[in-house]
Structure formats: structure tokens, C-alpha cells
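Working notes for the structure below.
Taken together, the values in this text are just the output of simple stated rules run on the coordinates, not laboratory data. Computed from a prediction, not measured in an experiment: that's the story for all the values here. Here Cβ is always computed from backbone atoms with ideal geometry, including for glycine, and neighbour counts include all displayed protein chains.
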Amino acid sequence: MRVFLIYYKAINSLNIPISAAYTLLMGAAMGKAWPAIVTSFALCFATGGLWLSVFLYNLRSGKHYFFYYNNHLSKLRLFVYTTLLNLLLAVLLFIIQMFWQWGMN
């Protein structure tokens, strides 16, 4: 599990700034309200930002996969676990946003 967390932190150290930049650019371009900004960040965090982060990680640190493979984690398994965990976090963010809006009304 510790080995996966090393990979997860490396991917999300790229993913969070990419997702935040996308959200700020789209929010500034469209003048979105707060709930739409949170939704945009969560979607980018779980999909496009994640894929771009994995691509950039492969370009920058592709040889590190031998470390993970020696610890019985293939590239596909790392990607699937990371995607599932990011989807779970995005769903939690949607739920928090939903309850936040529900409490405001």
C-alpha cells in the first residue's frame, strides 16, 4: 500500500495544479458560479487532469515503473487504482457540494 501511495502522490502532485488551472481558466472564461467551479474541478480531477498527469509522469519518470513492478504493481493496476480513488474523491466532493447547496436553501 505504501508503494501505491508514492505513485498516487506523484500523480496528484501534477493532477491538482492541472485541474485547478483548467478550472480557473474555464471559470474566468465563462463567469461560472461556485457550484459549477467545484463540479468542473472534480470532473477534471477524476478524468482529463488525471490522464494528462499520467502521460506527463510517463514522459518524465517512465523508468520508475520498474520500482512499482518489482513490488507487484503493474502500470495498469496503478492506473486503475489511481482512477478509482480519484473517482471516489470526486464523488465525495459532489456529495459535499450537494449538501452544502441543500443547507443554503
FRET efficiency, residue 79 to residue 20 (Cβ-Cβ, R0 30 Å, nearest 0.05): 0.90
Given a Förster distance of 25 Å, the FRET efficiency implied by the Cβ-Cβ spacing of residue 71 and residue 51, rounded to the nearest 0.05, works out to 0.60
Of 62, 48, 27, the one that fluctuates the most in a GNM where the chain has Cα springs shorter than 10 Å: 62
Over the chain, with a Gaussian network built from C-alpha contacts below 10 Å, which listed residue (11, 95, 37) shows the highest mean-square fluctuation? 95
What's the angle, to the nearest 10 degrees (0 to 90), between helix 2-30's Cα axis and the longest principal axis of the chain? 30
